[in-house]
1. How many residues does segment 16-33 hold that are touching an Asp or Glu at 6+ places or on another chain (Cβ under 9 Å) and either over 19 Å from residue 232 (Cα atoms) or part of a helix (DSSP H, G or I) (or both)?
2. I'd like to check something: does segment 188-198 contain any residue that is over 23 Å from residue 17 (Cβ atoms) and at pLDDT 95 or above?
3. Looking at 96, 86, can you tell me which residue is touching a Leu at 6+ places or on another chain (Cβ under 9 Å) and either surrounded by fewer than 18 Cβ atoms within 10 Å (Cβ to Cβ) or of a type in the set (Asp, Glu) (or both)?
4. Report yes if residue 212 is of a type outside the set (Phe, Trp, Tyr) and either touching a residue at least 24 places away in the same chain (Cβ under 8 Å) or crowded, with 17+ Cβ neighbours inside 10 Å (or both), otherwise no.
5. Can you tell which of 40, 72 is among the charged types (D, E, K, R) and within 18 Å of residue 192 (Cβ to Cβ)?
6. Out of (1) within 22 Å of residue 240 (Cβ to Cβ); (2) buried (at least 22 other Cβ atoms within 10 Å of the Cβ), the odd one out for residue 101 is which?
7. Starting from residues that are surrounded by 14 or more Cβ atoms within 10 Å (Cβ to Cβ), more than 28 Å from residue 160 (Cβ to Cβ) and of a type in the set (Val, Ile, Thr), keep the ones in segment 174-209 and report whichever is farthest from the chain's Cα centre (by Cα).
8. Among what's in segment 39-78 and is among the hydroxyl-bearing types (Ser, Thr, Tyr) and touching a residue at least 12 places away in the same chain (Cβ under 8 Å), pick the residue that is surrounded by the most Cβ atoms within 10 Å (Cβ to Cβ).
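The values are calculated or read from the model by the stated rules, or taken from the named source; none is laboratory data. Here the structure is a predicted model, which means the values were calculated and not measured. Quick reminder, even Gly has a Cβ in these numbers, built from the backbone with ideal geometry, and neighbours come from all protein chains shown.
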Amino acid sequence: SKLVDAHCHLHEFTDQELVNYCRDDLLINAVSDDYLSSLRTLDIVSKCRNVLPSVGLHPWNIGKVDISKELRSLSELVSRVRFLGEVGIDKRFVPETYDKQLEVFKYFLELARDYGLGVNVHAVSTWDEVIKLLTKYDIRIAIIHWYTGPTELLKDIESLGYYITINPAVRIQLKHREVVMKAPIEIILTESDGPYVYRGMRLVPTMVLETLHEIAKIKDTSFEEVSTSILKNFMKVFKSCL
């Protein structure tokens, strides 16, 4: 059966490492952090059949770049993708650029709406705002990555037809475990967010396998049940992107 990594920074891995992740049994939504990494993501995709590319500007990078130049360059890549990411807003790690983040996120949501693209979203301490904005801009396809927000919002996410991703950190992150407990399997995807390092653990795409086992354990259901559902969910995302 195929594994799903619905949020991964493939552009940060070396070419040597990528050989391990370019395989038919691993489906990846590869997100980018800025214009240069978006170019590398698109280059990787030309060699890897199993990868759905996303271009974007990560909220953590907004204080580091010339925004208008960056957005101009990124908008030229939009015709080559069906997904924008990693995009979003973050009040916890980079509160000082929040107003700018909001402007940039709205810019991407307009692009997504106008071109019918999916969005792979970074939301940290901004979950309510993100759901409101996705609704306001009529976004059809959204993945809210590494969801650790209020479980009360899960029903809104479900009714809007959006998805959340569960990260290998679910082994140790209590808030994330609670999300798995409460979220319907119909909205869950697995992710690695590799090669991010979480509490000393370097995350890589193949870890989604153990994440499936962990989700099955938390939900007290079979591994087969979970992996089948998650693959089905990702194929839905994939199809709506074609």
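1. Of the residues in that region, 4 qualify.
2. yes
3. Of 96, 86, the one residue that is touching a Leu at 6+ places or on another chain (Cβ under 9 Å) and either surrounded by fewer than 18 Cβ atoms within 10 Å (Cβ to Cβ) or of a type in the set (Asp, Glu) (or both) is 86.
4. Here the answer is yes, as residue 212 does meet what is asked.
5. The match here is 40.
6. Condition not satisfied by residue 101: (1).
7. Taking the candidates together, the pick is 206.
8. This residue is 54.
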